[in-house]
Amino acid sequence: MVKINIDGKDYEVEPKDNLLQTLLSLKIDVPYFCWHPAMGSVGSCRQCAVKKYADEKDTKGRIVMSCMEPVVDGMRISVDDPEVKQFRANLIELTMTDHPHDCPVCDEGGECHLQDVTLMSGHNYRRYEYNKRTHKNQYLGPFINHEMNRCIACYRCVRFYRDYAGGRDFNVFASRNRVYFGRYEDGVLQNEFSGNLVEVCPTGVFTDKIFKEHYTRKWDLTTAPTICQNCSLGCNIIAGERYGTIRRITSRYNEKVNGYFICDRGRFGYEYVNSDLRLREPLRRGQASGQLEEVDQKTVFNYFEKLFKKNARFLGIGSPRASLEANHALQMMVGKDNFFAGVNEVDQRLTLKALQILRESPAEVPSLRETENADVVVVLGEDVTNTAPMLALSLRQASRKRPLELPEKMHIPTWNERAVDELLQDERGPFFVLTPTETKLDDIATATYRQVPQNIARLAQAVAHYIDPEAPEVSALTDSEKALAKQIGDELLNAKQPLIVSGTSLQDETLLEGAANIAIALKKRQKTPWIFLTLPEANSAGLALLDEKNLNMAFEKALSEKYDALIVLENDLYRRLETDKVDKLLDAFEHIIVLHYLQNPTTDKANLIVPVGPFTETDGTMVNNEGRAQRYFQVFYPGDTIKESWRWLGQIMAKGNLQKERTLNNLDDFIDALIQDYPQLSAVKDAAPDASFRIAGQKIPRQSHRYSGRTSMQAHINVSEPKPPEDPDTPMSFTMEGYQGPQPGAVLSRYWYPGWNSVQALNKFQIEVGGGLHDGKPGERVLDLSAKEGMSYFTQIPEPFAAQENNFLGVPLYHIFGSEELSIHTKGVAELTPKPYILLNEADTEGLGDQVKVQINDRTVELELRKTTVLPKGAAGLPVGLPDMGAIKFPVWIKISG
Amino acid sequence: MFSILRSIWLTLLHTFSKRFTIQYPEEKPKLPARWRGRIVLTRDPDGTERCVACNLCAAACPADCISLQATQDEHGRRYPAFFRINFSRCIFCGFCEDACPTYAIQLTPDFELAEYDRQNLVFEKEDLLIDGPGKYHDYNFYRVSGLAIEGKDKGEAEHEDPPIDIHDLRA
């Protein structure tokens, strides 16, 4: 702690940050543009000027840029000095000379950092009489709108896109006031994090194109804190609604998980909640027509009552996309033995193995954001950019961890980005990418290894054996593999904080075992490594914690025992199992009841469809890949037929007296029931405040104090306003009524603070800039770690891969846009989704045309042939999850013909 | 006694003073142009919709009786997809006119807004839009603003230089 004097007042501060960050942490308003907490200082915008005095006698002082100034003991500065205020006002006036006078039609208007700072510095009239320079815009793809005239040349975009996110197709061109930020030519931005430009840009140069299609001002959005459903990382997001549809998703700061950013799939892949395929009313298959017909809620309850009266046997299939509460509600209803996790045998086995490794291996499990602090990274099999995109962004930062020791040695503070960049250039720390084909992290890799999953697992085992000779030995390694194993082993042993990344995407258990063995070996050599494993879906971990059985078992059981009704929870079985198997499973039931929000091939087969809400219309808890339980909150009230799955199931149970003396009315009741049945999940309750939480006796409003149109929005239907809906499940209200002061971090749903309308208001909600949130809750870990370090080496080592004649080993490939089930309903995502294809090594493609017939799991499909030199010979890359690809059971050997 | 007589006298005198009350509805009151009555949406001098759906009127409205949805044509010109004012809630404060950056929303001297059915006081865009520019004859937002629309590309607004060619090395 050092003492500094600001405008005559003494403060005790930690001298670790630059002066600007320190001032903002002290909640002192200082205008700035180019500084960003995640990207450091470059001192280019000259807006954060303050006066610095030499000592107590110095009355004149000198103007310095606070973002470039280290905090030292006894420092005397002034933020309010008239001269420095004038300096800032003059600069903003210059910045604004070319600004295009289009705030009313700018999507950033009302949440614009430039507006805030202009207001803060007092400039309001353009005195400059000459013409404005103009620029032409570029087409940047389906997600990002470009309006270059609004630019103030802070360089944040290019620093984020190139330096932070590793993009290459975006840059700064020209010089002085002609400076231009864009691509070399029009085209889709190639980086998976391009959506963050919208938030990083202090003005409206980059805006959200999907949001533009149904634009709403920030103050008019009903917002709630929620969790991204598009991969297993569980990034925190804010969803905003207006007139009954979700308008946009923005990142929500979580100091443990995603930090400041989210990926493009998370930001833009939400349109399915507004889709025409949404199921909004209960549907029952008419006996006469055989078609699904709209019915009322009472019919749904009657349907179940009849089944209860007959003492029908139910079989329940859960979902890795549904909340813990929803899955548990179904489990309560059908009984534990009749409830099955709605994932196939491979996915479930891998998820359970991953959880076992997280619980029992000696490795520690970092949070997503903590992985940025690893100095040696080994990626085993996982193409993280496409399976868990935000992890790729974190790992990119980790690759700078080792090189950052150099500036520290030279007493250059790491926040001084320009100096650090000059010093390090493209220097990266040890980073190994072991995947079947190229990944977007290859540019920062020390070494890559391109092999099929089983060979990657073998190499991992070889690394473990190199680190600790007691680990099982791998035979028949090539010399280059031995050398690579040695290189990786040496770097891991040399590391301060080694990180092993793997996951379930390659559908190969031995990879996870290899990762675990490296961790065990390192522990034996007195290193505590980090291990980070990605899982298939948003709540895969939660579902596996509730039930270890799988869909294949359900299939067996349904065919061998007599069941009357099947209940499928928020799941499309046709994505989990081969079509003929699902058909057979569904045929075994007289009653097929599906709870879902979107029409899909499974709902098409249903006798009764119960409409439930997607994540934006429901509350619940998800467990992410590191075992963190996080609550997501309903954004708006969708009407009384769309309910949470758990609420529907609770009401249905009440009809059959199945509640077992429990009251199951609101979310907290269901969480209590969950914890009663699964005491090890007790942390779920602490993941977020419960419905009784109040500030000054008031609920937290989902709408801002300036929410407009309250008495007009519904007036065309009825001029008398309806009673606002109540929320019995959360500490939030659906209206603007409630506590309008700063929201507590645990239910923070918009960044707004007097004078700070843009996302930069976030500084006011953080205890210190870049740290935790005031009254925040970054979720709770639920994994039971009592058996930690109880794991011994996995001894099964797979055989080396041998290419076969006319027979190819299928290797799953993933696409950030396309592999995920629901994000594809966003138009832009569908546009960027590749057509189904098969990837082969060039050497294997002799005699094959552009279109080939491929035989996968007893069916033949025609696919486009793509060639590569990277994928090993004898392997065939198959994109997973794309529409028209169908469910593929791995491992699979496929036959290809011209 | 005296005060009563005085009051009667004064009242009598008033019968000869000028009348303020007019015989409405037979006789219509003369109201100044800036009287704050029924709200209209005006058009640009060239006849296109002036409202750019910026939402500022709705934000300024203390009765929260304005709601609208922004949309844009294929050239990027923004306009309201719907624009609704609930006159049964409107207090005719004129804040919306004050807030409007394009002079689109204006209050008129028409105060005759009585309806038998409250529902009829909900006005949609078609009901609000008039054919002329209202009180402000010349202002055209898109001619001043840097946003490109059909017929006005980048660099063609007032006080704008032609767009820069960043590949030009001589500049």
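Checked against (1) more than 14 Å from chain B (Cβ to nearest Cβ); (2) out of contact with any strand residue (DSSP E or B) (no Cβ under 6 Å at 6 or more places or on another chain), A:Pro724 passes all but condition (1). Just checking, does segment B:47-70 include any residue being open to solvent by 90 Å² or more (accessible area, probe 1.4 Å) and free of Cβ contacts under 8 Å to residues at least 60 places away in the same chain? Among the residues of segment B:47-70, not one is open to solvent by 90 Å² or more (accessible area, probe 1.4 Å) and free of Cβ contacts under 8 Å to residues at least 60 places away in the same chain, which makes the answer no. Would a scan of segment A:577-588 turn up a residue that is more than 23 Å from the chain's Cα centre (by Cα), assigned to a loop (DSSP other than H, G, I, E, B), among the basic types (Lys, Arg) and within 28 Å of A:Gln291 (Cα to Cα)? Looking for residues that are more than 23 Å from the chain's Cα centre (by Cα), assigned to a loop (DSSP other than H, G, I, E, B), among the basic types (Lys, Arg) and within 28 Å of A:Gln291 (Cα to Cα), one finds none in segment A:577-588, hence no.
In segment A:176-242, counting only strands (runs of 3 or more DSSP E) that sit wholly within it, the ones holding 2 or more residues that are touching a residue at least 40 places away in the same chain (Cβ under 8 Å) and under 13 Å from the mean Cα position of the chain (by Cα) span A:222-227, A:236-242. If the condition is being assigned to a loop (DSSP other than H, G, I, E, B), facing chain B (nearest Cβ under 10 Å) and touching a Gly at 6+ places or on another chain (Cβ under 8 Å), then segment A:100-136 contributes A:Pro100, A:His101, A:Asp102, A:Cys106, A:Asp107, A:Gly109. The condition of being open to solvent by less than 50 Å² (accessible area, probe 1.4 Å), at pLDDT below 95 and not aliphatic (A, V, I, L, M) holds for only one of B:Glu150, B:Glu115, B:Glu160, B:Glu156, that being B:Glu160.
Evaluate segment A:562-571: report whether one residue or more is acidic (Asp, Glu), out of contact with any Gly (no Cβ under 6 Å at 6 or more places or on another chain), crowded, with 21+ Cβ neighbours inside 10 Å and over 14 Å from A:Leu315 (Cα atoms). Write out each step before concluding.
Just the residues of segment A:562-571 that are acidic (Asp, Glu), to begin with: A:564, A:570.
Cutting the leftovers down to out of contact with any Gly (no Cβ under 6 Å at 6 or more places or on another chain) gives us A:564, A:570.
Subset that is crowded, with 21+ Cβ neighbours inside 10 Å: A:570.
In the following step, the residues that additionally are over 14 Å from A:Leu315 (Cα atoms) were identified as A:570.
Looking through segment A:562-571, at least one residue is acidic (Asp, Glu), out of contact with any Gly (no Cβ under 6 Å at 6 or more places or on another chain), crowded, with 21+ Cβ neighbours inside 10 Å and over 14 Å from A:Leu315 (Cα atoms).
Only one of the listed residues (A:Arg252, A:Arg267) is open to solvent by less than 10 Å² (accessible area, probe 1.4 Å), under 18 Å from the mean Cα position of the chain (by Cα) and away from chain B (no Cβ under 14 Å). That residue is A:Arg267. Within this structure, A:Thr730 passes the test of being open to solvent by less than 70 Å² (accessible area, probe 1.4 Å), touching a residue at least 40 places away in the same chain (Cβ under 8 Å), away from chain B (no Cβ under 14 Å) and not hydrophobic (A, V, I, L, M, F, W, C). The residue that is surrounded by the fewest Cβ atoms within 10 Å (Cβ to Cβ), among those in segment A:255-264 that are in contact with a strand residue (DSSP E or B) (Cβ under 9 Å, 6 or more places away or on another chain) and among the hydrophobic types (A, V, I, L, M, F, W, C), is A:Phe261.
Would you confirm, using the coordinates I've provided, whether A:Pro407 is at pLDDT below 95 and assigned to a helix (DSSP H, G or I)?
yes
When the residues of segment B:74-112 are filtered to those that are within 10 Å of the chain's Cα centre (by Cα) and at positive phi, which remaining residue is most open to solvent (accessible area, probe 1.4 Å)? If we take residues in segment B:74-112 being within 10 Å of the chain's Cα centre (by Cα) and at positive phi, then B:Tyr103 is most open to solvent (accessible area, probe 1.4 Å).
Can you report the number of residues in segment A:752-788 which are without any contact (Cβ under 8 Å) to a residue 40 or more places away in the chain and either open to solvent by less than 20 Å² (accessible area, probe 1.4 Å) or in a helix (DSSP H, G or I) (or both)? Final tally of qualifying residues: 1. How about segment A:683-711: which of its residues are open to solvent by 70 Å² or more (accessible area, probe 1.4 Å) and assigned to a helix (DSSP H, G or I)? Answer for segment A:683-711, where residues must be open to solvent by 70 Å² or more (accessible area, probe 1.4 Å) and assigned to a helix (DSSP H, G or I): A:Lys685, A:Asp686.
Within segment A:80-98, the only residue that satisfies the criterion of being touching a residue at least 60 places away in the same chain (Cβ under 8 Å) and either within 14 Å of chain B (Cβ to nearest Cβ) or among the basic types (Lys, Arg) (or both) is A:Asp98. Given the options B:Lys125, B:Lys135, name the one that is open to solvent by less than 60 Å² (accessible area, probe 1.4 Å), modelled with pLDDT of 95 or more and either closer than 26 Å to B:Gly47 by Cα or more than 10 Å from chain A (Cβ to nearest Cβ) (or both). Answer to the check: B:Lys125.
Residue check: B:Ser7 meets all listed conditions (1) of a type outside the set (A, V, I, L, M, F, W, C); (2) surrounded by fewer than 22 Cβ atoms within 10 Å (Cβ to Cβ); (3) touching a residue at least 60 places away in the same chain (Cβ under 8 Å); (4) away from chain A (no Cβ under 14 Å) but one, namely (3).
Among the strands (runs of 3 or more DSSP E) lying completely within segment A:429-512, list those that include at least 1 residues that are open to solvent by 10 Å² or more (accessible area, probe 1.4 Å) and free of Cβ contacts under 8 Å to residues at least 24 places away in the same chain.
Working: elements: A:431-435, A:447-450, A:498-503.
It comes to A:447-450.
The values are calculated or read from the model by the stated rules, or taken from the named source; none is laboratory data. Remember, it's a predicted structure, so these values are computed and weren't measured experimentally. Please note: Cβ atoms are built from the backbone with ideal geometry, for glycine as well, and neighbour counts cover all protein chains shown. Keep in mind that these areas ignore ligands, DNA and RNA; they rest on the heavy atoms of the full protein, side chains included. Shrake-Rupley method; radii C 1.70, N 1.55, O 1.52, S 1.80 Å.
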